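Working notes, structure below.
The values are calculated or read from the model by the stated rules, or taken from the named source; none is laboratory data. Source: prediction; values computed, not measured. In this analysis, Cβ positions are derived from the backbone assuming ideal geometry, glycine residues included, and neighbour counts consider all displayed protein chains. Note: areas computed on protein heavy atoms with side chains; ligands, DNA, RNA excluded. Shrake-Rupley method; radii C 1.70, N 1.55, O 1.52, S 1.80 Å.
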Amino acid sequence: MLRSHGEDELAERALSLTDDELTRIGTLGAYYAFSEQAMALGGSMGGTRALSLATIDVLENTGRDLRWSRTQREREMGWSDEFAEADAARDRALRVHAIPEQQPPSDA
């Protein structure tokens, strides 16, 4: 999934995920794709995009966008790689609300 969005370096890093990181990616990905908040903001972004963004959020904690907004296949089919600003804003708003969920529990 990551490579289809131009995230080759992140895909290499994902090969050594811990169980905790994998669980957090799955939880965030499900939130991004299927939560009530996602539906309220306009619907699911799709599983590939959701899990790829969740991987960025867990491994980098930067909130950056994917290198390619569309998958390689979508681009080969002629889809524009640029998302409408409304879609990008929706994705960012959803991710901002999820930030506290991605932090590991403190030992305090």
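Here are a few things to note about the model shown:
- Scanning segment 26-41 for residues that are small (G, A, S), open to solvent by less than 10 Å² (accessible area, probe 1.4 Å) and more than 19 Å from E85 (Cα to Cα) gives a single hit, G29.
- Residue that is modelled with the highest pLDDT, among those in segment 69-82 that are over 14 Å from L51 (Cα atoms) and outside any helix (DSSP H, G or I): M77
- Residue in segment 48-55 that is modelled with pLDDT under 90 and of a type outside the set (D, E, K, R) present: yes
- Residue check for A33: in a helix (DSSP H, G or I) and either touching a Phe, Trp or Tyr at 6+ places or on another chain (Cβ under 7 Å) or farther than 16 Å from L2 by Cβ (or both): no
- Single residue of S16, S4 found to be over 10 Å from T55 (Cβ atoms), assigned to a loop (DSSP other than H, G, I, E, B) and of a type in the set (S, T, N, Q): S16
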